[in-house]
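Note sheet for the following structure.
The values are calculated or read from the model by the stated rules, or taken from the named source; none is laboratory data. Since this is a predicted model, take the numbers as computed values, not measurements. Ideal geometry is used to build each Cβ from the backbone, glycine not excepted, and the neighbour counts take in all protein chains shown. Areas reflect the complete protein model, heavy atoms only, side chains present, ligands, DNA and RNA absent. Shrake-Rupley method; radii C 1.70, N 1.55, O 1.52, S 1.80 Å.
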Amino acid sequence: MRRGPRTVPALGLMCLCLAQANFAPHFFDNGLGSTNGNMALFSLPEDTPVGSHVYTLNGTDPEGDPVSYHISFDPSSRSVFSVDPSFGNITLVEELDREREDEIEAIISISDGLNLVAEKVVILVTDANDEAPRFIQEPYIIQVPEDTPAGSSIFKVHAMDKDTGSGGSVTYFLQNMQSTKFAVDRHSGVLRLRAGTTLDYEKARAHFITVVAKDGGGRLRGADVVFSATTVVTVNVEDVQDTAPVFVGIPYYGYVYEDTVPGSEVLTVVAMDGDRGKPNRILYSLVNGSDGAFEINETSGAISVTQSPAQLQGEVYELHVQVTEVSSAGSPAAQATVPVTIRIVDLNNHPPTFYGESGPQNRFELSMYEHPPQGEILRGLKITVNDSDQGANAKFNLRLVGPGGIFRVVPQTVLNEAQVTIIVENSAAIDFEKFKVLTFKLLAIEVNTPEKFSSTADVVIQLLDTNDNVPKFTSHYYIARIPENAPGGSNVVAVTAVDPDTGPWGEVKYSIYGSGADLFLIHPSTGIIYTQPWASLDAEATARFNFYVKAEDMEGRYSLAEVFVTLLDVNDHYPQFGKRIQEKKMVLGSPVKIEATDQDAEEPNNLVDYSITRSEPANVFDIDTHTGEIWLKNSIRSLDALHNITPNGDYTWSLEVQAKDRGSPSFSTTALLKIDITDTEMMSRSPMDAFLMQTKDNPMKAVGVLAGIMAIIVAITVLISTATFWRNKKSNKVLPVRRVLRKRPSPAPRTFRIEWLKFNKTKAAAKFVLKEDPPNDNCNNNSLGTPPPPRAPAPPPPPGMAPSLGAAPWTVPTVSGSLTPPQPQRSPKPKTLGSPVQSALVSELRQKFEKKSVASKAYF
């Protein structure tokens with residue numbers, strides 16, 4: 001249905017339209033406490049958080065058209081809320097503060113698109129406890145007289161809290177209630193002086209009171225909170241006249257000396273009003289005890305003597321001085337009295353004085369020998385000390401000023417007069433070599449007098465020398481070096497010893513002794529050590545000497561020092577070869593070495609260099625200059641090359657080798673060296689190969705040797721077989737036992753028995769074991785020194801398996817090989833093949849030996 005134009009009255013009156021009437025929307029009024037509707041009687045706490053949903057506008061349109069909501073504020077006020085046009089949800093957008101704004105006016109409206117209805121609403125802001133109490137009219141400084149009665153009110157503090165209800169109520173209390181003289185009324189804030197307490201200006205001129213104001217508490221953002229504030233009240237105490245005068249500097253003592261003039265001031269007493277805030281004037285007076293000899297100034301308190309000290313009868317006067325306060329009105333007030341003691345004393349006008357035999361003296365001299373006995377009195381000093389004053393003025397101390405700990409003075413404290421005695425305290429320190437003259441100050445100083453009068457006298461002690469020192473060498477050791485070819489009488493070293501003593505006691509005499517001193521002499525006065533005129537030095541025989549020198553004074557006091565003399569080697573020996581003509585065998589590729597020694601003691605005299613001086617043909621050998629090793633030149637690598645350059649076609653050379661030392665001048669020696677050269681292939685061949693090579697030109701010799709060796713082997717085999725046969729024949733009675741034992745299935749006992757036979761029953765097996773030890777009783781083992789028998793040449797080795805130079809010597813195989821312990825692994829060697837006859841013999845021997853072993857086992 002189509003609608004025509006509408007007319008909206010300003011205040012929401014009925015709308016008229018030409019075609020049909022349209023009614024305006026309206027809000028629901030849900031009353032007090034509702035959170036939706038038209039915000040009638042709506043209130044909001046001031047501590048509501050910003051952004052909170054606080055209310056929902058709710059209304060309707062009679063025609064059922066959709067409605068929208070709006071809220072607006074006066075332009076001069078804040079826009080505190082915002083509204084959702086569609087749902088009417090009102091949100092707090094700014095903080096609330098009841099103390100600044102306790103109600104908010106707003107215009108809410110509802111519209112259906114054609115009609116708009118607006119209403120003015122007032123939102124009340126309720127209080128939250130968000131304000132703390134505040135003291136007003138600070139700072140608090142008050143003046144309180146010290147005589148204020150206890151319990152009196154002295155001040156009132158006031159604090160305000162802008163909150164309402166319990167949060168705005170304020171109560172007061174003091175922070176340190178137990179340690180203060182004050183109290184506060186919790187409701188009114190009135191400060192009072194606590195009962196039983198008083199103020200005292202002389203003890204405390206100010207008090208500081210901390211007052212706390214606390215509100216009654218309330219809710220803030222969902223929690224119970226209490227706020228408080230503090231302030232300090234300064235109480236200045238005013239002084240009042242309530243304290244008697246006080247004397248300063250007590251007790252009072254005065255002295256009148258023998259030369260005091262009448263009218264002279266003896267001492268001054270000082271008093272002041274005990275009430276220092278407003279002090280009264282003070283007057284002084286003497287009460288009694290003066291006997292007319294003293295008077296006091298009434299305003300200054302100065303006490304003076306009125307008579308001459310010679311006229312005073314007593315030695316001590318006890319005076320009483322009274323002080324009186326004068327009030328502002330001129331009337332006497334508080335009074336106080338103090339005793340004053342005045343002594344009549346002798347004047348200390350005489351210092352201590354030293355006297356000698358002829359009167360006052362300030363210098364005393366003495367001569368004495370050094371190192372006197374401990375505790376000895378210096379009797380040559382006649383010293384007296386005196387002080388003409390009386391009593392305490394005549395008491396003084398004595399002490400020596402100078403090098404400490406050498407002497408001490410007796411007595412140390414003197415009254416009037418005493419004889420001074422000086423005693424030796426440290427005899428060792430009285431040393432002529434350290435001090436020729438000892439000087440001290442003898443000091444006398446008064447003890448108990450203010451003046452501390454003193455006097456001094458010089459004590460000069462001339463020391464006389466004694467023979468108290470031992471000659472001392474400048475060094476504990478003297479080291480000298482001289483050439484071994486130095487002639488007899490040559491200077492070696494000069495030693496020096498010093499004796500600090502003077503005169504004849506300081507003269508030193510030198511001597512030497514010791515096992516190494518035979519070749520040396522020393523001058524008794526100068527200390528110069530030189531060789532004996534007949535001495536012949538030889539560094540090769542004895543390179544070092546050491547002996548002692550002795551320094552002795554006239555009374556036999558002495559000290560020792562050790563002297564070390566080293567002979568410097570001189571090149572006086574030729575290098576020496578072991579033999580002038582030497583023969584060496586050289587393996588092709590390896591050097592030979594020639595060696596010479598030089599008997600000189602030190603390098604470089606005993607260092608030898610080697611060279612080849614002559615060789616035919618030349619350019620065949622090289623020699624190492626330092627070691628003497630001789631090599632074939634690198635160009636010669638085989639015997640054929642040597643054969644081509646050998647003059648006579650053999651492999652023997654003769655060389656002339658020179659050994660030359662490095663001394664100055666240098667000496668040299670030559671030796672003739674014959675070298676026989678062989679090839680390494682010849683050295684590495686087996687004995688059989690070497691034998692065949694040597695007999696290749698004489699075949700019948702080789703056949704004869706081989707036949708002899710085979711005959712020896714057959715003879716040895718026959719002997720062994722015969723011995724075994726007779727031995728087995730004698731032990732046939734145990735054969736049945738042997739057959740029974742062979743039926744045992746387990747080989748373990750047999751193994752154990754074989755091992756037992758191996759180490760314990762060696763009589764049968766020992767005959768067949770080949771070892772490198774000396775021969776056993778059966779004498780059928782090959783020893784290391786026996787040359788191996790010849791054998792047939794071995795087949796060529798497999799590729800890459802060169803024969804080892806360290807191969808073990810060839811041995812005859814025997815049955816004992818199975819019983820000997822494992823031997824260390826030897827270098828691999830080509831495997832040899834034995835003859836059929838040898839194999840048969842070995843097999844027969846093994847079978848017989850096994851039978852014998854079983855028989856022996858059965859027997860045991």
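Scan the range 210-236 for residues that are over 19 Å from Met177 (Cα atoms) and of a type in the set (A, V, I, L, M, F, W, C) and jot them down. Answer for the range 210-236, where residues must be over 19 Å from Met177 (Cα atoms) and of a type in the set (A, V, I, L, M, F, W, C): Leu220, Ala223, Val225, Val226, Phe227. Glu46 meets the stated requirement of being of a type in the set (Asp, Glu), touching a residue at least 60 places away in the same chain (Cβ under 8 Å) and not assigned by the TED database to the domain that holds Gly165.
If the condition is being among the β-branched types (Val, Ile, Thr) and part of a loop (DSSP other than H, G, I, E, B), then the range 533-554 contributes only Thr542. Looking for something assigned to a loop (DSSP other than H, G, I, E, B) and charged (D, E, K, R) - is there at least one such residue anywhere in the range 465-477? Checked the range 465-477: at least one residue is assigned to a loop (DSSP other than H, G, I, E, B) and charged (D, E, K, R).
Determine whether Glu103 is outside the structural domain of Thr48 (by the TED database), out of contact with any Gly (no Cβ under 6 Å at 6 or more places or on another chain) and charged (D, E, K, R). Here the answer is no, as Glu103 does not meet what is asked.
Among the candidates Thr353, Thr341, single out the residue that is of a type outside the set (Asp, Glu) and under 30 Å from Pro251 (Cβ atoms). Result of the check over Thr353, Thr341: Thr341. Does the range 13-25 contain at least one residue that is over 60 Å from the mean Cα position of the chain (by Cα), open to solvent by 60 Å² or more (accessible area, probe 1.4 Å) and either under 23 Å from Glu105 (Cβ atoms) or at pLDDT 90 or above (or both)? The answer is no; no qualifying residue exists.
Looking only at the range 495-532, residues that are assigned to a strand (DSSP E or B) and either touching a helix residue (DSSP H, G or I) at 6+ places or on another chain (Cβ under 9 Å) or closer than 30 Å to Asp431 by Cα (or both) come to 5 in all. Filter the range 463-485 for residues that are touching a Ser or Thr at 6+ places or on another chain (Cβ under 9 Å) and β-branched (Val, Ile, Thr); which is least open to solvent (accessible area, probe 1.4 Å)? Top of the filtered list is Ile482. Per the listing Ile154, Ile90, Ile142, the residue uniquely within 30 Å of Gly274 (Cβ to Cβ), touching a strand residue (DSSP E or B) at 6+ places or on another chain (Cβ under 6 Å), crowded, with 18+ Cβ neighbours inside 10 Å and not polar (S, T, N, Q) is Ile154.
The sole residue among Ile594, Ile522, Ile612 that is more than 30 Å from Val470 (Cβ to Cβ) and surrounded by 19 or more Cβ atoms within 10 Å (Cβ to Cβ) is Ile594. Scan the range 354-383 for residues that are touching a residue at least 40 places away in the same chain (Cβ under 8 Å) and charged (D, E, K, R) and the total you get is 4. Within the range 339-358, the set of residues being assigned to a strand (DSSP E or B), at pLDDT below 90 and open to solvent by less than 60 Å² (accessible area, probe 1.4 Å) comprises Ile342, Ile344, Val345. If the condition is being of a type in the set (A, V, I, L, M) and farther than 24 Å from Glu258 by Cα, then the range 298-339 contributes Val321, Val323, Val326, Ala329, Ala333, Ala334, Ala336, Val338.
One residue is enough: does the range 175-187 have a residue meeting the conditions part of a loop (DSSP other than H, G, I, E, B) and among the aliphatic types (A, V, I, L, M)? Yes - at least one qualifying residue is present in the range 175-187. Filtered by the rule that a residue be touching a Lys or Arg at 6+ places or on another chain (Cβ under 6 Å), of a type outside the set (D, E, K, R) and open to solvent by 30 Å² or more (accessible area, probe 1.4 Å), the range 174-196 gives a lone residue, Ala183.
When Asp161, Asp200 are checked against the criterion of being of a type in the set (Asp, Glu) and surrounded by fewer than 17 Cβ atoms within 10 Å (Cβ to Cβ), Asp200 stands alone in meeting it. Per the listing Lys162, Lys120, Lys156, the residue uniquely among the basic types (Lys, Arg) and assigned by the TED database to the domain that holds Arg98 is Lys120.
Against the test of being in contact (Cβ under 8 Å) with a residue 24 or more places away in the chain, aliphatic (A, V, I, L, M), part of a loop (DSSP other than H, G, I, E, B) and open to solvent by 50 Å² or more (accessible area, probe 1.4 Å), the options Leu114, Leu124 yield a single qualifying residue, Leu114. Has the range 72-79 got any residue that is in contact (Cβ under 8 Å) with a residue 24 or more places away in the chain and surrounded by 15 or more Cβ atoms within 10 Å (Cβ to Cβ)? Within the range 72-79, not a single residue is in contact (Cβ under 8 Å) with a residue 24 or more places away in the chain and surrounded by 15 or more Cβ atoms within 10 Å (Cβ to Cβ). In the range 203-223, of all residues being open to solvent by 40 Å² or more (accessible area, probe 1.4 Å) and among the charged types (D, E, K, R), the one that is modelled with the highest pLDDT corresponds to Lys214.
Going residue by residue through the range 363-370, is there one that turns out to be of a type in the set (Ser, Thr, Tyr), in contact with a strand residue (DSSP E or B) (Cβ under 9 Å, 6 or more places away or on another chain) and under 30 Å from Gly289 (Cβ atoms)? No, the range 363-370 contains no residue that is of a type in the set (Ser, Thr, Tyr), in contact with a strand residue (DSSP E or B) (Cβ under 9 Å, 6 or more places away or on another chain) and under 30 Å from Gly289 (Cβ atoms).
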